[in-house]
Amino acid sequence: MKDIKSNLFVKNQVKIENFIQPFNQKISITSDKSLSIRCILLSSIAIGKSKIFNILESEDVLNALKIVRKIGVKFIKKKNFYEIYGVGINGFNIKKNLTLNAGNSGTLARCLPGLCSATRKNIKLIGDKSLSKRDFSRIIKPLSLFGVNIKSYNGLLPIKFLGSNFLRPINFFEDKGSAQVKTCIILSAINTPGITRIKALKSRDHTELLLKYLNYPITINKRENYDIIKLRGLNQFKSFNYHIPGDISSASFFIVLTLLSKNSELLIKDVNLNPSRLGILKILKQMNAKIMIINKQNYKGEFIGNIKIKSTSKFKSINCPAKLNSSAIDEFLLIFLVAAKSNGISSFSNLNELNKKESPRLDIAINFLRMIGIKVTRNKDNIKIYGNPKLKLCKSFHVKNFLKDHRIFMMSVIAALTFGGSWKINDKDSINTSFPNFLKIIKKLGGKIN
Ligand code: S3P
């Protein structure tokens, strides 16, 4: 039994022993996960048949499709799009109490109770080991104010909820800078008569932009540090067609791979360039990275374009402004790799939310950097990274026990291909949640992975 177990273990592990050789290529990147999930949720409450092209077929998104099917939404997978048959606001057809499994997806798990806030059946929401450690009190609070009967033990999964026919609009301050919480509230507001008002710290705004594109009665007033969002509930909206662009968070692995590789160039096509997601580009450019955006165009309220990257040999350290945190929240692991290779001490502050992700990413990143010989000091949620421009590894490393966090796995692969050393990295399957063809693209660029 022990042997079978250890075999399985190795099967899910990659080994990297060589630097990636110089490359000069064009790639397309996997579709945006946030937009894929939002298009599924919104098309399920639109009226009629939506066509969503280029949906990301990763586990998180497939779980969203499975869940909407369970609550009575039909969809058909065509060659390069999904037809989703929306049931209209408050139109879910649930015959009996249900258990819904969101797998690893925080976005799905936190948005779903908002989508179902008026659904009159008991729903139990569960998830995998990583999701079961994450905080749900952040959505329980606003949903309770709407009048949803929602319960959990200690703010963790499983949560049980029963929507209401008598929802009341709320006036809420979203103070975490969480797009998941904001979207949960917006979806619940759609089910609620009257005007809901949200003061929200800056976070990605795909939901608001989609609703604007759908002519939903929503106003967004952008202030320097927060947005004021007002929307009127119970306004039915028509089905729509949408083509999901590439995901900047997935592109970021290849942006940093190119920057840290020698004599390489990369063009990444059709990436979503929503300003609320561009923190990584702003931060890396301040650190001297050679990155250019070309052919930027507006698509249904979002920006899309190509990103051109060239290897950069000298990086400057950064005192990273905390106001950029939310727009780079999923990319800090990669930014830390660049800081490790830069000249000087980089500081990052208020990174509390980083420990609330699929794994405690701040803790894991600090251990990782120390493991590769980089000095890191920490004061609560603030860290300083002492860069070493000559960083070149020749020891063996084993990356394990990271709660199968896809971004830890992929960041480790980038470190291994650009810093050298001999690496074993566990939990290869973790990429299936967000970026199933990650290793294929690495191999296409010449990365040697066993
Ligand atoms: C997401 C929002 C972010 C991000 C996550 C996707 C979304 O989480 O980290 O990967 O699609 O709304 P928070 O809202 O918790 O910051």
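Numbers below:
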{"quantity": "Residue that is outside any helix (DSSP H, G or I) and surrounded by fewer than 21 Cβ atoms within 10 Å (Cβ to Cβ), where the choices are N355, N367, N350", "calculated": "N350"}
{"quantity": "Any hit, the range 61-79, residues being assigned to a helix (DSSP H, G or I), closer than 20 Å to R277 by Cβ, touching a residue at least 12 places away in the same chain (Cβ under 8 Å) and within 14 Å of the ligand (Cβ to nearest atom)", "calculated": "yes"}
{"quantity": "Residue match in the range 321-344 (condition: assigned to a strand (DSSP E or B) and either touching a residue at least 60 places away in the same chain (Cβ under 8 Å) or in the same structural domain as M410 (by TED's automatic domain parsing) (or both))", "calculated": "yes"}
{"quantity": "Search result, residues across the range 229-266 that are crowded, with 19+ Cβ neighbours inside 10 Å and under 15 Å from S311 (Cβ atoms)", "calculated": "F254, I255, V256, L257, T258, L259, L260, S261, S264, L266"}
{"quantity": "Enumeration of residues in the range 33-62 that are under 19 Å from I89 (Cβ atoms), hydrophobic (A, V, I, L, M, F, W, C) and either surrounded by fewer than 24 Cβ atoms within 10 Å (Cβ to Cβ) or over 14 Å from the mean Cα position of the chain (by Cα) (or both)", "calculated": "C39, I40, L41, L42, I45, A46, I47, I52"}
{"quantity": "Scan of the range 374-395 for residues that are more than 21 Å from T312 (Cβ to Cβ) and either of a type outside the set (K, R) or not in a loop (DSSP other than H, G, I, E, B) (or both), ordered by number", "calculated": "K375, V376, T377, R378, N379, D381, N382, I383, K384, C394, K395"}
{"quantity": "Every residue from the range 420-437 that is buried (at least 22 other Cβ atoms within 10 Å of the Cβ) and either among the charged types (D, E, K, R) or touching a residue at least 60 places away in the same chain (Cβ under 8 Å) (or both)", "calculated": "W423, I425, T433, S434, F435"}
{"quantity": "Of all residues making up the range 113-150, the number that are over 16 Å from the mean Cα position of the chain (by Cα) and not in a loop (DSSP other than H, G, I, E, B)", "calculated": "22"}
{"quantity": "Flag for N343 being surrounded by fewer than 23 Cβ atoms within 10 Å (Cβ to Cβ), of a type outside the set (A, V, I, L, M, F, W, C) and more than 16 Å from the ligand (Cβ to nearest atom)", "calculated": "yes"}
{"quantity": "Residue list for the range 221-239, filter: under 21 Å from C116 (Cβ atoms) and not polar (S, T, N, Q)", "calculated": "I229, L231, R232, G233, L234, F237"}
{"quantity": "Per-region count, the range 149-175, residues within 16 Å of the ligand (Cβ to nearest atom) and surrounded by fewer than 16 Cβ atoms within 10 Å (Cβ to Cβ)", "calculated": "4"}
{"quantity": "Residue that is surrounded by the fewest Cβ atoms within 10 Å (Cβ to Cβ), among those in the range 176-195 that are under 17 Å from I140 (Cβ atoms) and more than 12 Å from the ligand (Cβ to nearest atom)", "calculated": "N191"}
{"quantity": "Matching residues, the range 23-51, being in contact with a helix residue (DSSP H, G or I) (Cβ under 8 Å, 6 or more places away or on another chain), farther than 30 Å from L417 by Cβ and not in a strand (DSSP E or B)", "calculated": "R38, C39, I40, L41, L42, S44, I45"}
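The values are calculated or read from the model by the stated rules, or taken from the named source; none is laboratory data. Predicted model only: the values in this text are computed from it and were never measured. We place every Cβ from the backbone using ideal geometry, glycine too, and count neighbours over all the protein chains shown.
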